[in-house]
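Chemist: After the structure tokens below, expect a handful of questions from me.
Rule-based calculations on the coordinates, nothing more; no lab input. Only a predicted model underlies this, so the values are computations on that prediction, with no experimental measurement involved. Here Cβ is always computed from backbone atoms with ideal geometry, including for glycine, and neighbour counts include all displayed protein chains.
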Amino acid sequence: MSNAATQYYELYRRGSLGTSLADVLDDFVTTARMEPQLANKMFQHFDKHIAEVLGEKVKARMSFKGHLDTYRFCDDVWTFIIKDVNFKLDNSSQVASDKVKIVAMNAKKPGEV
């Protein structure tokens, strides 16, 4: 993954960190304090580093049970909608949710060795 041409998923841009970064970069670009190309480069760095840090540093495990409502597979990406979900965390605490969306994809994109 050290190849400079490696592309990373843009999935984490929709999280709170990604949307905050997008707001700041958009403000910088619209006020002409930053070129759009630099903002795109910053997003590419964000995509790379958030994926690497989550893959290397997060070691927590959990299990969950619920009722599968919807699932689909498109472009090597699985999407699951699960209702009435109970999560059991490593420390034995439990969390419940009415509805959860899980997006799962390969760690390597098609064509990567």
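Chemist: Largest first and in whole Å, give the semi-axes of region 42-84's equivalent ellipsoid, each being the square root of 5 times a Cα gyration tensor eigenvalue.
Modeler: 27, 17, 8
Chemist: Scale the Cα Rg of region 11-57 by the rule-of-thumb value 2.2 N^0.38 Å and send over the ratio, two decimals. Can you show the working numbers first?
Modeler: Values: Rg = 11.4 Å, N = 47, 2.2 N^0.38 = 9.5 Å.
Here the answer is 1.20, to two decimals.
Chemist: Between Arg61 and Val24, what is the spin-label point distance in nm, taking each point 7 Å from the Cα along the Cα→C-beta axis?
Modeler: The modelled label-to-label distance comes out at 3.6 nm.
Chemist: Which net charge results when you count Lys and Arg as +1 and Asp and Glu as -1 among the other residues whose beta-carbon is under 11 Å from that of Asp90?
Modeler: Numbers: positive: Lys59, Arg61, Lys88; negative: none.
That sum, taken over residues with Cβ under 11 Å, equals +3.
Chemist: Rg/Rh for region 1-101: what does it come to with C-alpha atoms and Rh from Kirkwood? Walk me through the numbers before you get to the answer.
Modeler: Details: Rg = 17.7 Å, Rh = 16.6 Å.
Ratio of gyration radius to Kirkwood radius: 1.07.
Chemist: Work out, in µm²/s and without decimals, the Stokes-Einstein translational diffusion coefficient of region 62-105 at 25 °C, 0.890 mPa s, Rh from Kirkwood over C-alpha pairs.
Modeler: Values: Rh = 11.1 Å.
Diffusion coefficient, whole number: 221 µm²/s.
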